[in-house]
Number of protein chains: 2
Amino acid sequence: MRPTAFLCTVLLWSLMTLPANSTLGANLQKPNVVIIFADDLGYGDLGCFGNPTIRTPNLDRMAAEGQKWTQFYAAASVCTPSRAGLLTGRLPIRNGMCGQRRVLFPDSIGGLPADEITLAEALKAQGYATACVGKWHLGHLPQYLPTRNGFDSYFGIPYSNDMRAWDDRSKMAPLMRDEKVIEVPADQTTLTRRYTEEAVAFIRTNKDRPFFLYMPHTFPHVPLFRSERFAGKSLRGLYGDVVEELDWSVGEVLDALRQLKIDGRTMVAFTSDNGPWLIMKLNGGSAGLLREGKGCTYEGGMREPTVFWWPGRIPAGTVVTDLGSTMDLFTTAAKLAGAAVPDDRVIDGVDLSAALFGRGHSPRKTMFYYRNRELFAVRKGPYKAHFITQPAYGKGEKVAHDPPELYHLEHDPGEKFDVSKQKPDVVADLIREAELHKKTVKPVDSQLDRQPAKRAN
Amino acid sequence: MRPTAFLCTVLLWSLMTLPANSTLGANLQKPNVVIIFADDLGYGDLGCFGNPTIRTPNLDRMAAEGQKWTQFYAAASVCTPSRAGLLTGRLPIRNGMCGQRRVLFPDSIGGLPADEITLAEALKAQGYATACVGKWHLGHLPQYLPTRNGFDSYFGIPYSNDMRAWDDRSKMAPLMRDEKVIEVPADQTTLTRRYTEEAVAFIRTNKDRPFFLYMPHTFPHVPLFRSERFAGKSLRGLYGDVVEELDWSVGEVLDALRQLKIDGRTMVAFTSDNGPWLIMKLNGGSAGLLREGKGCTYEGGMREPTVFWWPGRIPAGTVVTDLGSTMDLFTTAAKLAGAAVPDDRVIDGVDLSAALFGRGHSPRKTMFYYRNRELFAVRKGPYKAHFITQPAYGKGEKVAHDPPELYHLEHDPGEKFDVSKQKPDVVADLIREAELHKKTVKPVDSQLDRQPAKRAN
């Protein structure tokens, strides 16, 4: 682009964004929102969550300057539904983003339905610059891409890094910019570094207006890759190298915010999409003291190591044991931005700001644990009833429980001691809660189970 | 004691201690040493080690201002041998403080042999004031009490809080001051509070001279008791209440040091005597991501949540992954105090100060895991070979392994993936290490298995 053309573009862009921005003064009140979303990171994989040999000084510092949430959940125990829940504030069962196929694959023709309102759309309408940097996994066909879902820009891989490219099945996942494939296969060794550079560049470009950066990392999902400078760095081996590069990335993002002096008006949330992929053995993570991992409705599958950071607003060095969910990021961020939370549909997210800012508790009292399209378990307060259980996928069959298994998760986070016999009233209450919940769910077709496209190869 | 007698005593004491103290100036160079030793606390029981519902703000702050060690071990997996190891810097196998009875009981006639040199004796010889506040468990007969082992004073229970008093079998463990029983049974509901008051009083009294405070808490060993103000406070239930009172106690000790402005010349170490007592179910703790618990030579039995604190000397907010052992507290503290480490016997402890002060690594490269008098496992570097395994006591039989089970503890802290087949060289090296070690152990009679005293009741 020649200098003149560049200037014109800048002017045009300024004019275009003015209406949405309303006034500059009002915009400065709207906080930036950064969501950093690891992939398959376990509850026990960070230093500040008890890992002995994975070193995460940046996340540990983020927790020391911010707030650790110890009972915070993903919306589902696998990638696609979990991401759909975060971005829409709705359980995936409500919008078809779950199914027998568990996640979207390169031959899938489904994706996030157009009438769903994403957090990016909600914040864009409030004048936010929006970017998605990382793994999407809510539909790789053009109509489902981030740029069709409220993101001004996109840089990343369209689905999991262990999947083959839909347009060249001889190669692994491609890298895309906006709606174009720019690298097949994506060079995964430099992905975390490049995501980080993209994220920091986006922050620098948008430092004077409110922005929403959604940064769903590709790793530590297998196959594991890390850049040269992290090779052999971690005592934990390859998996540790990969997590330590993610930790470095978090540090770069926070440092950029500090350097630009916009840390005082930026909320950063770090969490993971689901638990550790245990069948990957040492290439998978650890759920710490929690039971099971990815794909499973025991705590290890859905409870995530979560840290919030907003210097000056979120009290430093605090720990919150209230319930939270990635779906709550939708509602919390929308409210902080002054957006109305949609009232024409069920929104499962709640506003966590009272707990975040140390002036009250999270309003969340329940958690619904789905596996694919089936409600397996319900948590209410400290109690969780498992109506159905099944080990992480590939490891065992579905078992129905009547009465349900009942655990007091605050006494027994490892789900070791079934107290259903001692607490029939609690069991009855949780059964009621499940029934009430089911009445709020209207059947919709699964986007994941839609007939795969026919392929030549 | 009348005032005149008191003054005389003070004068006499001053004269007696002068030679050992040499000059006041030199004494101010000697750091105070405080060792806070929990009982049966698990690796996963503190907030800063990943517990979701036990709130430990004081220990978390201690870690943020100090140093967390993530691969730090007790000398044994049960009470008596573990304590003997800490206080002598020697594996309990070397001094008979282990045996088939596992620990000392109220009918035991054995105890720490008089020719053992305790850390209290070593530091007392350097002019330190010394106190033991808490559970002793190295012999309750007069000749074995803390006051015969280098401690100027003692306040606490002589063995575990689930044992009956040796002199009144109808009652639980007594409370002692120095060599006198002062309460039978000890009112356990106020023990943690009273220990704390004693500890703080000792610190205040001795603020102007070097002191050694050894504070082996009674809890969270069962039966669990806590003072009124902690009743029902923890989300984790009774066990959490008890740990949260311990956390409060740690805060009181650190606050006293800060208020007296002697924090800059006091090293505080917090750790536990062995892993969580898992068979106690919810009245026992959690080993986090580690395997098994108390009584067992898997990591959960002997790796402890450990924090060091010394403002101005130990770099704040650091994490050390080097190997350490409670036996190293002996050597490290002795050296800091200017005492010679005994050279007429094998000392297993090493000097951790290079790692503590951020100027090098721990010299410890090995760990020997005994169960009673038998060597079950050896760690060297990241690898651990289990020659014999047995679940926590009461849960299964001894199994010998040839080749030994081999785990890479830094990749696989949960001891899930036996790599003995892939690493025959490492197995051979660890077998050699075990043989070399065994040659350093001279047979001595077990103090624990000595014929119990005959009793009327």
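Just so it is clear, none of the values below were taken in a lab; they were calculated from the coordinates. Computed from a prediction, not measured in an experiment: that's the story for all the values here. Heads up, the Cβs are rebuilt from the backbone with ideal geometry, glycines too, and the neighbour counts pull from every protein chain shown.
Couple of notes before you dig in:
- Near B:Leu260, once Lys and Arg are set to +1 and Asp and Glu to -1 for all other residues with Cβ below 14 Å from its Cβ, the sum equals +2.
- Counted by Cβ distance under 14 Å from A:Glu415, the other residues give a net charge of 0, where Lys and Arg count +1 and Asp and Glu count -1.
- DSSP bridge orientation in chain B - percent antiparallel, rounded to nearest 5: 55
- In region A:31-364, Cα pairs under 8 Å separated by at least six residues give a relative contact order of 31 percent.
- Expressed to the nearest 5 percent, the antiparallel share of DSSP beta bridges inside the protein assembly as shown is 55 percent.
- Part-to-part distance (alpha-carbon centres) for region A:352-417 and region B:321-362, which is given in Å: 46
- Mean separation of Cα contacts under 8 Å, 6 or more apart, over the residue count of region B:369-439: relative contact order %: 24
- In this rough spin-label picture, where each label sits 7 Å from Cα along the Cβ direction, the B:Gln259-A:Ala125 distance is 5.7 nm.
- Label geometry 7 Å along the beta-carbon vector: A:Ser153 inter-copy distances in nm: 6.8
- For the protein assembly as shown, a crude dipole built from +1 on the beta carbon of Lys and Arg and -1 on the beta carbon of Asp and Glu, taken about the Cα centre, is about 220 debye to the nearest 20.
- In order through region A:290-298: 3J(HN,Hα) via Karplus (6.51 cos²θ - 1.76 cosθ + 1.60), integer Hz, x for Gly, Pro: 7, 8, 6, x, 2, x, 10, 8, 5
- Inter-chain Cβ neighbour average for residues A:286-292, partner chain, 10 Å: 5
- Classification of region A:387-446 by its C-alpha gyration tensor yields an oblate form. The axis ratio a/c (a ≥ b ≥ c) is 1.5 or more, and b/c is at least a/b.
- Unit Cα scatterers, Debye sum, region A:31-364: log10 I(q)/I(0) for q = 0.11, 0.15 Å⁻¹: -0.61, -1.26
- Near the amide H of B:Phe376, within less than 5 Å, lie the amide hydrogens of B:Tyr369, B:Tyr370, B:Arg371, all on another chain or at least 5 residues away, with H placed in the peptide plane.
- Counting Lys and Arg as +1 and Asp and Glu as -1 over every other residue whose Cβ lies under 14 Å from the Cβ of A:Lys171, the net charge comes to -3.
- The calculated FRET efficiency for the pair A:Ala316 and A:Ala400, based on their C-beta separation and a Förster distance of 45 Å, comes to about 0.45.
- Sites B:Glu179 and A:Ala428 - FRET efficiency at Förster radius 51 Å, r taken between beta-carbons, to 0.05: 0.30
- Shielding by partners - mean other protein chain Cβ count within 10 Å, residues of B:52-64: 4
- With its label point defined 7 Å out from Cα along the Cα-to-Cβ axis, A:Gln100 lies at 6.2 nm from the matching points of the other copies, in increasing order.
- For region B:369-439, with +1 on Lys and Arg beta carbons and -1 on Asp and Glu, the positive-most of B:Ser420, B:Leu436, B:Pro403 along the dipole: B:Leu436
- Label-point spacing at B:Lys261 relative to the other copies reads 3.7 nm, in ascending order, each point sitting 7 Å out from Cα along Cα→Cβ.
- B:Asp107-A:Thr190 FRET efficiency (beta carbon distance; Förster radius 41 Å; 0.05 resolution): 0.05
- Axis proximity, chain B to A: residue whose C-beta lies nearest, plus whole-Å distance: B:Gly50, 1
- Contact order relative to length of region B:164-289, as percent, for alpha carbon pairs under 8 angstrom and 6 or more apart: 19
- Per residue of B:414-421, other chain Cβ atoms within 10 Å of the residue Cβ number 1 on average.
- Among the listed pairs B:Lys398/B:Lys439; B:Lys281/B:Lys398; B:Lys294/B:Lys416; B:Lys395/B:Lys421; B:Lys180/B:Lys442, those whose Cα-Cα separation exceeds 30 Å are B:Lys180/B:Lys442.
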